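In what follows, a structure is listed as structure tokens, so that the remarks can point back to it.
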Amino acid sequence: MAIRNIREIGEEVLTKKCKAVVEMTPRIKELIEDMLDTMYEANGVGLAAPQVGILKRIVVIDVNGDDPHIFINPRIVESSGEQFGPEACLSVPGKSGQVRRPNYVKVAALDVNMTEFELEATELFARAVCHELDHLDGKLYVDKVEGELQDTSCEEETEEQ
Ligand code: NI
């Protein structure tokens with residue numbers, strides 16, 4: 001297990017389109033373990049591989065703190081509804097902003113055994129899925145904020161992803 005360095009806004013790696021994973025390797029397994037460790041260490045609810053400098057289509061999400069989900073080559077196959085609320089990102093420390101997202105998404109992805117699965121997510125989980133998948137295409141939530149990007153105060157906690 002290892003904590004990796006989280007890349008921050010302004011670094012080019014966060015603006016690139018990531019490549020699909022074609023086979024599972026010990027290196028990629030280690031990367032996924034490290035991504036989980038790094039996300040928990042940073043108290044985040046999600047983390048995408050480019051946030052640790054790796055341009056691969058891998059995302060980890062855990063909105064409860066005890067329910068890790070790993071998505072390899074994820075894609076949203078269905079979405080509906082709408083939610084509008086605060087969003088923050090481990091790669092944009094100290095900031096948050098209001099972002100509109102679907103309230104429901106169905107994701108298709110591969111698991112660590114490279115077996116395809118589908119998963120339905122709502123509310124914060126759906127928001128995290130959308131946010132993390134954007135990272136895989138080099139997009140940051142700051143470009144989707146409606147209104148101003150805010151400085152986060154210590155009292156007000158927004159889930160970072
Ligand atoms: Ni993020």
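Read the figures in this text as sums done on the coordinates, not as results from a lab. In this text the structure is predicted, and so the values were computed from the model without any measurement. Note: ideal-geometry Cβ built from the backbone for every residue, glycine included; neighbour counts use all protein chains shown.
As a test of the formula, what do you get for the chain when each DSSP H run with n ≥ 4 contributes -39,500 (n - 2.57) and the sum is divided by the residue count, at 222 nm and rounded to the nearest 500 deg cm²/dmol? Could you put the intermediate results ahead of the total?
Working: 2 runs with 30 residues, N = 161.
Value at 222 nm, helices only: -6000 deg cm²/dmol.
The gain in end-to-end length when the VAL77 to LEU55 segment is fully stretched comes to 5.7 nm, 0.36 nm per residue minus the alpha carbon separation. The modelled label-to-label distance for the pair GLU118/PHE84, using points 7 Å beyond Cα in the direction of Cβ, is 3.1 nm. When the GluC sites (Glu not before Pro) in the range 37-130 are filtered for DSSP coil states and for at most 15 other beta-carbon atoms within 10 Å of their beta-carbon, the remaining sites are GLU82.
Taking 22 Å as R0, compute the FRET efficiency from the Cβ-Cβ separation of GLU11 and ARG100 and round it to 0.05.
Values: r = 26 Å, r/R0 = 1.18.
My answer for the efficiency is 0.25.
Summary of the geometry: the range 110-154 and the range 50-109, compared by the centres of their Cα atoms, lie 2 Å apart. Between amide H atoms placed 1.01 Å from N, distances below 5 Å from LEU90 occur with GLN161, all of them 5 or more places distant or on a separate chain.
I'd like the orientation of helix 123-136 relative to the chain: the angle between its Cα long axis and the longest Cα principal axis, in ° from 0 to 90, rounded to 10. Around 70 degrees separate the two axes. More than 23 angstrom separation, counting every C-alpha pair in the chain; what % is that? Distances greater than 23 Å cover 31 percent of the Cα pairs. Computed from Cα atoms, the angle from the helix 26-41 axis to the main principal axis of the chain rounds to 30 degrees.
Taking max minus min of the alpha-carbon positions on each principal axis, the range 75-141 gives extents of 37, 25, 16 Å, largest first. The aspartates and glutamates within cross-link reach of LYS19, meaning a Cα-to-Cα straight distance under 14 Å and a gap of 8 or more places when in the same chain, are ASP134, ASP137.
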